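All of the numbers you see were taken from the coordinates with simple rules; none came from a lab. Only a predicted model underlies this, so the values are computations on that prediction, with no experimental measurement involved. When we count neighbours, we look across all protein chains shown, and the Cβ atoms used for this are built from the backbone with ideal geometry, even at glycine.
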Amino acid sequence: MSIIERLKTLNSPQQAAVKSDAQHLLVLAGAGSGKTRVLTHRISWLLETGQAAPTGVLAVTFTNKAAREMRSRVSELLEQPVDAMWIGTFHGLAHRLLRQHHLEARLPREFQILDSDDQLRLIKRLFSELGLKDSSLQPKQAQYYINDQKDEGRRAEHIAPSADPYEQERQQVYMAYQHACERAGVVDFAELLLRAHELWRDNPALIKHYRARFRHVLVDEFQDINTIQYAWLRVLLGTEGNLTVVGDDDQSIYGWRGAKVETIQQFQDDFPGAELIRLEQNYRSTQTILAAANAVIDHNQGRLGKELWSEGAEGEPVQLYAAFNEQDEARFVAEQADAWIDSGHSANDIAVLYRSNAQSRVLEEAFMRVQLPYRIYGGMRFYERLEIRNALAYLRLVANTMDDPAMERVINVPPRGVGQKSLDKLRQLAREEGCSLWDAARLGLERKLVTGKAVTALTAFFQLLDDLRASRHELSLRQLMETTLDMTGLLEYHKAEKGERGQARVENLQELLGALDMYEVPEDGDPLTEFLAEASLNAGEGQADDHEAAVNMMTLHSSKGLEFPLVFLVGVEENLFPHKMSATDPQKLEEERRLCYVGITRAEQKLFLTYAESRRLYGQDNFNPVSRFVREIPERLLAEVRLNMQVSRPVSGVALGQDAAEGAIALGALVRHPIFGDGVVLNFEGAGPNATVQVNFDGEGIKQLVYQFAKLEVIG
DNA sequence: GACTGAGACCTTTTT
DNA sequence: GGTCTCAGTC
C-alpha cells in the first residue's frame, strides 16, 4: 500500500499527527483511539518522505511487549525489516549504550545487571555488615529509597547529610550499596538509566555524535515517564532534535513508582510552541461505556482535557451488582461469565479486573466451582524462578568472578558444606582486603581460614568453576549450562525436592536449556554476557499460555493496554478501590480515579461493576460503602442487577430466622428502619421470636436488631 | 541442613 | 486468613 492510501485509513486528527512537521509534538491519545497506529504510521511517514533515515530514529517504550509490537508493526508498514532502527525500552536502550561505551561509563566490559531480587539480597547483606539489623529501617524500604533516589537522578554523594537518624541510615545504606555494586561490576535497573544519562551529559563528543544521529525521537506512554528518563531524553534532544510523544494523562497510574504525570501535563511549558493533537475518537467501546468513563475522569483536576466519543452503538447500561459478601460477588461473576460463554462467546473475551491481588483467590475458587477455565496474569515470571536464578548465577560467575551477588547465591547451593560460619569469615576477609568474595574464598583457602568440610567443598567449587571458565569459549551456551547443571549437581538437587515442586523445577531448567538453544547470538558482543543481560531485561512473560480458551483475571494495573468485550470490575468499594492507602492524599486519589478510568475503558461491549456489602479481608470483616467512583457515574448509565433467586447463606449450619424463611426478608435485602434509615441485611442469628438480624445502615453502620421489634420494611 | 513454630506483613509492577 | 521470613532445635 502506498503512503497516500495508507493515510486514508486514518481519521483526520490521526493523519494530522502522522504528518505534523512540528519540532515538538504531543499526541494526547485517549483509550482505544489508535495510539500505536499513529506512532507506527508516523515513523514510516518520516522514513518514506525522506525526513529520517532508519538509523536516525529512536523510538522508546516502557515494556518489551510494546517495543516488540512497535517494531513488528513498523516493519509491516514498510514491508521490510527495521533492524537499523533503535526501538526499545528505556532500560534496553540504556543498556545498549552502556555496553557500547562501557569505558566512558566507567563500567567493566562484562558488567551484569542486578535485578530486584538480587538487589534486595545485597541490601540485606549490607544491613548486617553495617550493623543495622535492629534498625527500624527495613531492607525493603531501603531498596525503595535507593531506587527512588536514582529515579530522581540523585547519587548518594549528592544527598545533603541529614540530622534525622533514620534518614542518615538510609543514606548510609545507599552509599554502601553503591560501593558494593561498583566493586562487583553490577548495575541495577535504575542505575542503567542514571548511568546512561550521565554518560551523555558528561561526554560532549559522544552526545554530539548521538544528537547528529537521532534527529527524531518518539516516545510511547509518555505519561509514565520518570525524572531520569525525561532528563536522558532532553540531553539527547538538545535544541535541534525532533520529539514526538504519545500518551494520555488520564491513564497515568504509575506515580507510585516514580512516573510524573506533571511531565506530560506541562509538556507545552517545557517546549513552547509544541503542537498538541487530541485523539478522542474511540474505536473500542460502546457510547454508554465511554460516557461512564468520561463522567468519572471528569472529577479530576488539572487534566489536559479530553472527551472520548464513538460512532459505535449506544450499548447496554453498565451493570451494577451489590453482592452481600465477597463469596457472593465471586459467584455472581462466575455465573455471569458462564452464561455469556453459553450464549456463544469465548472465555478469552472476558476479563475480571481487581484492585489488588488478594482479591483473586475467592474469584478463582468460584471459577473452579463452575468449572470455568481461567488464567491469571502477573505473578512469578520465568527468569525470576529460584532454580533459573541459581543456574544463571553460575553463568554470571563464569562471566565475572567479581559478581558478589552471584557468588553469594551459589557458593552453597546446592549445599556443599560452606555454612554460615565459613561464609561469615570469607565475607569478613573480603571486607578487610577490599576484594570480591570469590578472591576472598581463594585467600581463605590459602590462609587456612576455613576448615574441614569447607576446604574440600571450596576446592571442588573452584576446580569446577575454573574448568567452566576455561572452556567457556569452546562450548555453546547450552553446553555450558548443561555442564554446569550436571557438574554442580544443581539439577539433581532440584530434582530431589519433594512433591511436584521438584518436577516443575527440573522442567523449568530444561526449558532454560531450550531457551539457550534458541538464543540468537548477537553479532557484536560476547554471547554469554548478552544472554544474561537479556534474561534480566526481559524476564519473560508470565506463565506460558496454554491454548485453551480461558477467562482473564488480572489487576487493573496490568490491564492497561488490553481490551475485552466483557469486563467485570470487581470490588468497587471504598477502602478497596479507591484503596484506603490513597484515601487521604488528593494526588493519590486522582491516580486511583485514573485507574478506574483505565478499568472502564477496557470494556468493549459490556461492563459489570460489582461490590460487596461485607468483605472478609485479612481475616476481618469489612463493611465498605460502594465506591465514590460508582457514584460519579450518572444514574442513567447504570442498571442495578437484582437477582431473582434465593441467596445462599455464607455461614453454613445456622438456621434462617422464621420470617426470613417465609421470604419476608432475605440476605442482601434492602430494608428501611424508622430511625436508622435504609440499610442492607447482612446476617441472621437464631430463630423464632428472638431471631436477630444484622443490618448495615447507610451512615449509621452495622446494627444488630431483634427482628420482631425492629419494624423493618423491605424496600428492595 | 532440614524442619518447626512464632511473628510480621498485607496496594498497584517493569525493567 | 494466608503467606513468608527468621530464629531456634534436632
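Things worth noting here:
- Unsatisfied cross-links (Cα-Cα over 25 Å) in the set A:Lys421/A:Lys448; A:Lys306/A:Lys588; A:Lys124/A:Lys448; A:Lys8/A:Lys606: A:Lys124/A:Lys448; A:Lys8/A:Lys606
- Taking label points 7 Å from Cα along the Cα-to-Cβ direction, A:Arg361 and A:Glu384 give a separation of 1.9 nm.
- Percentage relative contact order, chain A, counting C-alpha pairs under 8 Å, at least six apart: 15 percent
- DSSP-assigned coil residues among GluC sites (Glu not before Pro) in segment A:1-106, each with at most 13 further Cβ atoms within 10 Å: A:Glu79
- For segment A:17-43 versus segment A:175-214, the gap between their alpha-carbon centres in whole angstrom: 30 Å
- Extension gain, A:Leu670-A:Ala339: 0.36 nm per intervening residue step, less the Cα-Cα distance, totals 116.5 nm.
- Cβ-derived FRET efficiency at R0 30 Å, A:Thr63 paired with A:Thr239, nearest 0.05: 0.50
- For segment A:562-620, taking Cα atoms only, Rg and Dmax work out to 12.8, 36 Å respectively.
- Mean projected area of the Cα convex hull of chain A, taken over all directions, amounts to 36.8 nm².
- Cβ-placed point charges (K, R +1; D, E -1), dipole of chain A about Cα centre in debye, nearest 20: 1340 debye
- Cα lying deepest toward the dipole's positive end in chain A, options A:Tyr166, A:Ala313, A:Val521, charges on Cβ: A:Tyr166
- Two-site FRET efficiency, A:Asp269 against A:Glu640, from Cβ-Cβ distance with R₀ of 51 Å, rounded to 0.05: 0.70
- Sparse-neighbourhood loop sites, chymotrypsin sites (Phe, Trp or Tyr not before Pro) in segment A:589-642 - DSSP loop, at most 10 other Cβ within 10 angstrom: A:Tyr618
- Look at where the Cα atoms of segment A:542-614 and of segment A:422-477 average out, and the two centres are 50 Å apart.
- Spacing of the two label points (7 Å from each Cα toward its C-beta) at A:Lys208 and A:Gln80, in nm: 3.2 nm
- Note: segment A:171-257, Cα convex hull, 121 Å³ per residue.
- With the alpha-carbon atoms of segment A:210-333 aligned to their principal axes, the span from lowest to highest coordinate is 61, 34, 27 Å, starting with the largest.
- Computed over segment A:426-509: relative contact order in percent, which uses C-alpha pairs under 8 Å that are six or more apart: 13 percent
- The lysines within cross-link reach of A:Lys208, meaning a Cα-to-Cα straight distance under 26 Å and a gap of 8 or more places when in the same chain, are A:Lys150.
- Hull shadow area, averaged, segment A:47-142 [alpha-carbon convex hull, nm²]: 9.1 nm²
- Three-way shape call for segment A:465-531 based on the alpha-carbon gyration tensor, with the a/c threshold at 1.5: oblate
- Evaluated at q = 0.11, 0.15 Å⁻¹, the base-10 log of the normalised Debye intensity for segment A:285-435, with identical point scatterers placed on the Cα atoms, takes the values -0.74, -0.92.
- Residue-span extension gain [A:Glu314 to A:Gln479] - 0.36 nm each, minus C-alpha spacing: 53.4 nm
- Residue-span extension gain [A:Met518 to A:Ser128] - 0.36 nm each, minus C-alpha spacing: 136.3 nm
- Within segment A:11-40, backbone nitrogen closer than 17 Å to the virtual label 7 Å beyond the Cα of A:Ile4 toward Cβ: A:19
- Principal semi-axes of the equivalent ellipsoid, √(5λ) from the alpha carbon gyration tensor of segment A:392-439, are 17, 15, 6 Å from largest down.
- Here the Kirkwood formula, the inverse mean of 1/r across different C-alpha pairs, assigns segment A:86-183 a hydrodynamic radius of 14.8 Å.
- Residue among A:Val38, A:Asn64, A:Leu556 farthest towards the positive dipole end of chain A, charges placed on Cβ: A:Asn64
- Set of segment A:119-145 residues, backbone N closer than 11 Å to the point 7 Å along the Cα-Cβ line of A:His179: A:130
- Kirkwood hydrodynamic radius computed over segment A:363-477 comes to 16.4 Å, based on all pairs of distinct alpha carbons.
- Share, in percent, of DSSP beta bridges within chain A that are antiparallel, nearest 5: 30 percent
- FRET efficiency for A:Glu492 and A:Thr456, using Cβ-Cβ distance with R0 set to 22 Å, rounded to 0.05: 0.75
- Span from the segment A:522-541 Cα centroid across to the segment A:235-264 one, whole angstrom: 28 Å
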